[in-house]
Amino acid sequence: MTAIDVSVAPPPSRPRFWRVFLRQRSAVIGGAIVLIVAIVALLSPWLAPHPYDATDLVNVWAPPDSVNWLGTDKLGRDILSRLIVGARTSLVVALSVLAITFLFGVTLGMVAGYFGGRVEAAIMRTADVTLAFPEVVFAILIAAMLGPGVSTIIIALALVWWPGVARLARSLVIVQKEELYVDAAILAGASPWHILRVHLLPNIVAPLIVRASVGVGFIIMAEATLSFLGLGVQEPTPSWGGMIRDGLPALRTDPMLACAGSAVLGVTIIGFNLLGDGLRDALDPRLHRS
Amino acid sequence: MLRFIVGRVVGLAPVLCAAIVATFIATRLLPGDPVAVMLSDHSADVQMAARLRAEYGLDKPLPEQFVRYIGDILTGDFGLSFRYVHMPVWQVLKDSLLISPLLALAALALALPVGALAGVQAAAHRNRFQDTAIIVVLVAGLSLPNFAIATFLVYLISVKLNLLPVAGWGTFRQAILPVVILAIPSAAYIARLTRTFMLEVMQQDFVRTARAKGLTNRLVIYRHAFRNTLVPLITSAGIIFGGLLSNTVVVETIFNIPGLGRLAIDSIFARDYPVAMAVVMLFVVFFALINLIVDTLYALVDPRVRDGAPA
């Protein structure tokens, strides 16, 4: 495992953050892409020109025209509308995974780092065992137990991602708990829980945000992969991965579905990754690109 | 050294235990009766149901089933398939067993030299056009999921140019696209690693000395700098191989290749849990073995790891 650089810079002041962030061209491009995807996801019910699940069996695999701008799929559903609603699916899954991962990962990691001893050993051993499973295998295991579906991928991805977050939170807390303000809080009679929540958490939040922003792109990719395999989002709910799955067999005759889905998915992931790298450099200049 | 390896093997035990318990829960405690699924049309036939239940050991109490399950797994017996009634799981698996590792090995053999060369080139031309171009390709290779890249490559090469078959398995030509697509993310990862290592090594004194001796740029880079990046590169080959192995699931789905990963997915949809779980177990064992080999390599190279000091 690579060592994590745990030196924490003080959170930069607001003007400096924007100055560093806006100076990076790629970060601004990434931010713009993310903003567009987020707006589309938020407004998808109003932006989609057709209902995403309206089938039209006399008009299947239609090429792009003035009604269906990107054509239709095997059930005659409008591809553009499904792409737009698919943005919402992707973001909802990604944010759910992120929320669960951070809730458990940060809590367990902070507890492990602060208390040490047996608690730490138990939590970190569990994390190690979890890390031994690759994410696709995890998803297969969970899909076998719960059946394919959105909850399956959310659980599988959260299980895969929490150990990394827990390790980061633990290493950050181990550094921070040596600081004087923690001793001061202990002397003032604060409970460990209070110290963790009120004193330590704000001081480790910047690297955690960086970690989260870098993670979103990977989570979207993982969700799309599992939906592509058929383990994730199920019909008729549109997901980009599922649309590419539907489109690949028809690539020879009707390439629009697979190609449009792949392009939208690829651009979105690159956008999130560029934004994540930009945030990392702007929020914490010492956590540099490896 | 032996003590180190034994320690690592013992350390794998909890992982395998977790996998065994999870697979047992997944196969036995699920809602729905597998015998009913197997009988389908003959679901009223009580005698046949009882016979199947006995054959699959489903008539015993759960604790006894669990003990038998562990015993069977330790002897390499994964039981009978639900989908292909009466057929042992290993017989369902055996044709697929080698395909996934073979794909992963072929992709590794392609990704290592290509990635290393790209990384060296990027480092040697730091911040110039070659570097930027390689980094752009790297970002794309690392960010785009396999199947999105596959969509465009298959469309371009197989559909538009008609150079290679769209899907299938068995001939060399059918293997080219899957291996290339499997190799792309790993090649990008290797290139990034190599670039980072190279940039670090090129700051070192011995590189400056080599330059001061008047060696050509090419000799400095390949004989002096690149050699020193080989050790970290080789030790990360195990992690890369692990990633390749789990990505075979995706590539097998794209190209309709009858490997282990696709078998697992198909088995889930067919509710053939014993087969799906056997594949999961096999993958976990593969990964555990890879980790073991990587750790052993580390220990061989770096005595600090072997002696238990913090690495």
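The values are calculated or read from the model by the stated rules, or taken from the named source; none is laboratory data. On a predicted model such as this, the values are computed, not experimentally measured, just so you know. Using ideal geometry, Cβ is built from the backbone for each residue, glycine included, and neighbour counts are taken over all protein chains shown. Surface areas here come from the heavy atoms of the whole protein model, side chains and all, with no ligands, DNA or RNA. Shrake-Rupley method; radii C 1.70, N 1.55, O 1.52, S 1.80 Å.
The smallest convex shape that holds all Cα atoms of the protein assembly as shown, its convex hull, gives 204 Å³ per residue. Its Kirkwood hydrodynamic radius, worked out from the mean inverse distance over all distinct Cα pairs, puts the range A:160-207 at 11.3 Å. Across chain B, C-alpha contacts under 8 Å between residues 6 or more apart give a mean separation that, scaled by the residue count, equals a relative contact order of 25 percent. Computed on the range B:71-173, with alpha-carbon pairs under 8 angstrom and 6+ residues apart, the relative contact order is 9 percent. Note on the range A:183-290: Kirkwood radius taken over Cα pairs, Stokes-Einstein applied at 20 °C and 1.002 mPa s, translational D equal to 127 µm² s⁻¹.
For the range B:1-139, the alpha carbon positions stretch 76, 46, 26 Å along the principal axes, listed from largest to smallest. In terms of its alpha-carbon gyration tensor, the range A:182-235 comes out prolate; a/c meets the 1.5 threshold, and the first ratio a/b outweighs b/c. Taking a ≥ b ≥ c as the square roots of the eigenvalues of the alpha-carbon gyration tensor, the range A:138-182 is classed prolate because a/c is 1.5 or more and a/b outweighs b/c.
Placing unit charges on the Cβ atoms of the charged side chains and taking the dipole of the range A:140-287 about its Cα centre, the candidate lying farthest along the positive direction among A:Ser227, A:Asn273, A:Leu208 is A:Leu208. For the range A:132-246, compute Rh as the Kirkwood radius over C-alpha pairs and then the Stokes-Einstein diffusion coefficient at 10 °C and 1.306 mPa s; write the answer in µm²/s, rounded to an integer. The calculation lands on 97 µm²/s. With all projection directions averaged, the alpha carbon convex hull of chain A covers 17.9 nm².
Dipole size of the range B:179-247 about its Cα centre, with +1 on Lys/Arg Cβ and -1 on Asp/Glu Cβ: approximately 320 debye, rounded to the nearest 20. Express the C-alpha Rg of the range B:162-311 as a ratio against the empirical globular expectation 2.2 N^0.38 Å, rounded to two decimals. So the range B:162-311 has a normalised radius of gyration of 1.41. By the combined test of axial Cα extent (at least 27 Å) and Kyte-Doolittle hydropathy (mean at least -1.0), the qualifying DSSP H helices of chain A come to A:79-115, A:150-176, A:201-229, A:256-283. Listed by chain and number, the aspartates and glutamates whose C-alpha is less than 20 Å from the C-alpha of A:Lys74, apart from same-chain residues fewer than 8 away, are A:Asp53, A:Asp56, A:Asp65, A:Glu235, A:Asp246, A:Asp254. Inter-chain neighbour count for B:16-23: the average number of beta-carbon atoms from partner chains within 10 Å of each residue's beta-carbon is 3.
Between helix B:273-301 and chain B there is an angle of about 30 degrees, using the helix long axis and the longest principal axis of the Cα atoms. Highest mean packing first, where packing is the average number of other Cβ atoms within 10 Å per residue, the peptides B:12-22, B:250-260, A:201-211 line up as B:250-260, A:201-211, B:12-22. The ellipsoid that matches the Cα gyration tensor of the range B:93-144 has semi-axes, each √(5λ) in whole angstrom, of 32, 12, 5, with the longest given first. Restricting the trypsin sites (Lys or Arg not before Pro) of the range B:95-190 to loop positions (DSSP other than H, G, I, E, B) with no more than 14 neighbouring Cβ atoms within 10 Å leaves B:Arg126, B:Arg128. A 1.4 Å probe, protein heavy atoms only, puts the accessible area of B:Val46 near 110 Å².
Solvent exposure of the range B:120-203 amounts to 46 Å² per residue of accessible area, where only protein heavy atoms count and the probe is 1.4 Å. For the range B:5-153, the relative contact order is 10 percent, taking Cα pairs closer than 8 Å that sit 6 or more residues apart in sequence and dividing their mean separation by the residue count. Each Lys and Arg contributes +1 and each Asp and Glu -1, all at the Cβ; summed about the Cα centre of the range A:47-180, the dipole is approximately 340 debye. With the convex hull of its Cα atoms as the shape, chain B has an orientation-averaged projected area of 21.4 nm².
Each part gets one Cα centre, and for the range A:229-279 versus the range B:117-167 those centres are 18 Å apart.
For a label point 7 Å from the Cα of B:Leu58 along Cα→C-beta, name the residues of the range A:140-165 whose backbone N is under 19 Å from it. From the range A:140-165, the list is A:144-148. Between B:Val136 and B:Asn162, full extension at 0.36 nm per residue minus the direct alpha carbon distance yields a gain of 6.6 nm. Highest mean packing first, where packing is the average number of other Cβ atoms within 10 Å per residue, the peptides B:210-218, A:69-77, B:115-123 line up as B:115-123, A:69-77, B:210-218. The C-alpha atoms of the range A:97-141 occupy a region whose extents along the principal axes are 35, 22, 10 Å, arranged from largest to smallest. With axes computed from alpha carbons, what is the tilt in degrees of helix B:99-124 against the longest principal axis of chain B, rounded to the nearest 10 within 0 to 90? Around 20 degrees separate the two axes. About its Cα centre, the dipole of the range A:139-290 is roughly 220 debye, where the only charges are +1 on Lys and Arg Cβ and -1 on Asp and Glu Cβ. Over the range A:97-194, the alpha carbon radius of gyration divided by the compact-protein estimate 2.2 N^0.38 Å works out to 1.29.
With springs only between Cα atoms under 10 Å apart, run a GNM on chain A and tell me which of A:Leu157, A:Leu231, A:Leu251 wobbles the most. Most flexible of the set in this elastic network: A:Leu251. Largest mean-square fluctuation among A:Ala99, A:Ala144, A:Ala222, in a Gaussian network model of chain A whose springs join Cα atoms under 10 Å apart, belongs to A:Ala144. Residues whose amide H lies under 5 Å from that of B:Leu80, counting only those 5 or more places away or on a different chain, are B:Val89; hydrogens are built 1.01 Å from N in the peptide plane.
When the Cα positions of B:Val249, B:Ala133, B:Ser236 are compared along the charge dipole of chain B, B:Ala133 comes out farthest toward the positive end, with charges on each C-beta of Lys, Arg, Asp and Glu. Across the range B:91-194, counting alpha-carbon atoms alone, Rg and Dmax equal 15.6, 55 Å.
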